[in-house]
Amino acid sequence: MTLSLNATHANGISEYDVHSLHGYQMALKTKEFLSEHNSTKRSFVMTKNTFAGSGAYTHHQLGETHRNWENMTNTIAGVMNFNMFGIPLTGPDTCGYISSERTKETEELCARWIQLASFYPFAR
């Protein structure tokens, strides 16, 4: 919705083709650095910006979500889609991230979201 389909970089490359490539490159270099400098331990790299092939180098966080029932439902599709894209460790901000209100309904929502997140590969 925010990306112009005809936006181009100074070298003529279409923004549409490389939009999330920056996140992929950052994850690749971070994973390489951690592998070189920490050879005895496995590294954990997570990003919100992924590109095709990112699953080899990083895990994916679905990003900030609003605390409501619709966003909770959308996280199911988000996790499943990224699993099909080859990024198996994916998850949302459990209970939502964006909201300051605390009501009886939000307590119920958070309880249900925690129950749902117990089936996700990753939840924070």
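If I go through segment 112-124 residue by residue, how many of them are among the aromatic types (Phe, Trp, Tyr), more than 14 Å from residue 61 (Cα to Cα) and assigned to a loop (DSSP other than H, G, I, E, B)? Steps first, please.
Taking segment 112-124 first, the residues among the aromatic types (Phe, Trp, Tyr) are 113, 119-120, 122.
Next, only the ones that are more than 14 Å from residue 61 (Cα to Cα) stay: 113, 119.
Now drop any that are not assigned to a loop (DSSP other than H, G, I, E, B), which leaves 119.
Residues that pass the stated criteria total 1.
Candidates in segment 35-74 are the residues that are part of a helix (DSSP H, G or I) and among the polar types (S, T, N, Q); of these, the one that is surrounded by the fewest Cβ atoms within 10 Å (Cβ to Cβ) is 73.
Among the candidates 77, 117, which residue alone is surrounded by fewer than 14 Cβ atoms within 10 Å (Cβ to Cβ) and aliphatic (A, V, I, L, M)? Don't jump to the end; show me each part of the working.
Working: 117 fails: surrounded by fewer than 14 Cβ atoms within 10 Å (Cβ to Cβ).
Residue meeting the stated conditions: 77.
Anything in segment 82-111 that is exposed (fewer than 13 other Cβ atoms within 10 Å of the Cβ) and part of a helix (DSSP H, G or I)? List them, or say none.
First, the residues of segment 82-111 that are exposed (fewer than 13 other Cβ atoms within 10 Å of the Cβ): 84, 86, 98, 100-105, 107-108, 111.
Those that are exposed (fewer than 13 other Cβ atoms within 10 Å of the Cβ) and part of a helix (DSSP H, G or I): 84, 104, 105, 107, 108, 111.
A short reminder: the numbers here are calculations on the coordinates, not readings from a lab. Quantities reported herein were computed from a predicted structural model and do not represent experimental measurements. A quick note on method: Cβ atoms are made from the backbone with ideal geometry, for glycine too, and the neighbour counts reach across all protein chains shown.
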